[in-house]
Amino acid sequence: CAREEGPDSIRLFNRALSEAEQARQNLLADLRQAIENKSLSLVYQPQFHVPGGKISGCEVLLRWRHPQQGWISPQHFIQLAERHNLISALTAFVVRQACLDLTSYNLLGQGLPRVSVNISALEFNNPALMDALQLELDKASPLLPYLQLEITETAALTDLKASVMQLARLKQQGLRFSIDDFGTGYSSLMMLKELPIDEVKIDRAFIRDLMKQPRTIAIVEAVAAMAKGFGISVVAEGVETQEQLQCLTACGCQEAQGYLLAMPMGIEELVSFMQKQQSVTVGVSASG
Ligand code: C2E
Ligand code: MG
Ligand code: MG
Ligand code: MG
């Protein structure tokens, strides 16, 4: 009966809790190890100008293949890193490796306009963590005009004044700024008014609902018009179908990223992708 069930279920619940806690601790130790062993890797997802189809840049995405558990979603391990003081080590790794890839594969020479790196919300609002990032940026100063930092809008909002100063300081060094997952956080017009950003990325959720929910089209049109008014770029995230791409073009969205156009890929694959892309463009202009 109920009275006997109580303590038992509590005991079971406690055991499940401590097992989950143990698993989390183990994963955390493995992540620390992975950072030390450099067994994390980067993939690059190209972004494109919608009319014309030329590559406008690419986004760097972190990957972790756990020795036993296989691929672990970045959303999962980044949250873990944020909670346990590992996030600046992760970001430092991403910036360092991306800059190394840029130079050793001569991506800029091959016409890659820019590389975007994701910065954690937590990091952006923490001066000590930003100092750690600055140390990494100092080592890469000639590359900074080709780097863009993507920040989710929730991050930029916690202290608008501090964010404006932070952005200004980094922009002086040539870096560009993008607001990631735009429309899902606390999008405030005040933030758009004050922050010296260079790009907004319309969240995948809007692109997904484009063909299902007519008012989504009005939202995307409005964001694209606003970006145009500001003289900044607007990128649609998560474009998966031709219909979405056509609709985005009609909405005035100038750039797109998504599985329809290119999957995230390793650096060597990116190099051959860009070479193929270039020969297509050259072929078109030669025949036209
Ligand atoms: P995000 O910055 O918004 O990155 C875009 C995510 O959408 C990536 O997931 C990408 O693989 C995925 N994606 C791209 N095109 C499509 C598409 O057409 N359809 C669908 N369904 N998905 C698409 P990923 O790599 O799993 O990363 C998830 C999130 O984890 C990222 O979202 C970002 O917030 C975070 N993240 C990834 N790498 C890093 C990193 O190096 N540092 C930090 N701080 N966060 C990272
Ligand atoms: Mg991003
Ligand atoms: Mg994000
Ligand atoms: Mg995003």
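The values are calculated or read from the model by the stated rules, or taken from the named source; none is laboratory data. It should be emphasised that the depicted structure is a prediction, and the values quoted were computed from it without experimental measurement. Reconstructed Cβ throughout: ideal geometry from the backbone, glycine too, with neighbour counts over all protein chains shown. The accessibility values were calculated without ligands, DNA or RNA, using every heavy atom of the protein model including side chains. Shrake-Rupley method; radii C 1.70, N 1.55, O 1.52, S 1.80 Å.
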- Could you count how many residues in the stretch 51-81 are open to solvent by 30 Å² or more (accessible area, probe 1.4 Å) and of a type outside the set (Phe, Trp, Tyr)? 15
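Could you identify the single residue in Ala262, Ala256, Ala250 that is surrounded by fewer than 17 Cβ atoms within 10 Å (Cβ to Cβ) and not aromatic (Phe, Trp, Tyr)? Steps first, answer last, please.
Values: Ala262 fails: surrounded by fewer than 17 Cβ atoms within 10 Å (Cβ to Cβ); Ala256 fails: surrounded by fewer than 17 Cβ atoms within 10 Å (Cβ to Cβ).
Among Ala262, Ala256, Ala250, only Ala250 is surrounded by fewer than 17 Cβ atoms within 10 Å (Cβ to Cβ) and not aromatic (Phe, Trp, Tyr).
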- Message: If I ask for residues that are open to solvent by 40 Å² or more (accessible area, probe 1.4 Å) and either of a type in the set (Ser, Thr, Tyr) or within 16 Å of ligand 1 (Cβ to nearest atom) (or both), which ones from the stretch 189-205 would you list?
- Response: Arg204
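What about Ala227, is it buried (at least 17 other Cβ atoms within 10 Å of the Cβ), more than 14 Å from ligand 1 (Cβ to nearest atom) and assigned to a helix (DSSP H, G or I)?
On the way: buried (at least 17 other Cβ atoms within 10 Å of the Cβ): yes; more than 14 Å from ligand 1 (Cβ to nearest atom): yes; assigned to a helix (DSSP H, G or I): yes.
Yes, satisfied.
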- Item | Every pair of residues 6+ apart whose Cβ atoms lie under 7 Å, when the first sits in the stretch 171-197 and is touching a residue at least 40 places away in the same chain (Cβ under 8 Å) while the second is within 16 Å of ligand 3 (Cβ to nearest atom) and open to solvent by 50 Å² or more (accessible area, probe 1.4 Å) | Asp180/Asn118
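I'm checking my understanding of the structure. Among residues of the stretch 101-123 that are within 10 Å of ligand 1 (Cβ to nearest atom) and not acidic (Asp, Glu), which one is modelled with the lowest pLDDT? Before you say what the answer is, go through the steps one by one.
Initial filter on the stretch 101-123 (within 10 Å of ligand 1 (Cβ to nearest atom)): 116-123.
Narrowing further to those that are not acidic (Asp, Glu): 116-122.
Values: Ser116: 98, Val117: 98, Asn118: 97, Ile119: 94, Ser120: 86, Ala121: 80, Leu122: 84.
This residue is Ala121.
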- Just one of the numbered conditions (1) out of contact with any helix residue (DSSP H, G or I) (no Cβ under 7 Å at 6 or more places or on another chain); (2) modelled with pLDDT under 95; (3) away from ligand 1 (no atom under 11 Å from the Cβ) is not true of Ala89; which one? (1)
- Within the stretch 18-38, tally of residues that are among the acidic types (Asp, Glu) and under 16 Å from Ser88 (Cβ atoms): 1
- Message: Among (1) within 16 Å of ligand 3 (Cβ to nearest atom); (2) in contact with an Asp or Glu (Cβ under 9 Å, 6 or more places away or on another chain), there is one condition Leu149 misses while meeting the rest; what is its number?
- Response: (2)
- Sort out which residues of the stretch 177-188 are more than 15 Å from ligand 1 (Cβ to nearest atom) and not small (Gly, Ala, Ser), and write them in order of number. Tyr186
- Task: Kindly list, by first and then second residue, each pair from a residue in the stretch 22-49 that is farther than 15 Å from Ala81 by Cβ to a residue that is surrounded by fewer than 16 Cβ atoms within 10 Å (Cβ to Cβ) and of a type in the set (A, V, I, L, M), limited to pairs with Cβ atoms under 9 Å and residues at least 6 apart or on different chains.
- Result: Val43/Met263; Gln45/Met263
- When residues of the stretch 206-221 are filtered for being of a type outside the set (A, V, I, L, M) and exposed (fewer than 15 other Cβ atoms within 10 Å of the Cβ), how many remain? 4
- strands (runs of 3 or more DSSP E) wholly inside the stretch 1-75 that include at least 2 residues being among the hydroxyl-bearing types (Ser, Thr, Tyr): 40-49
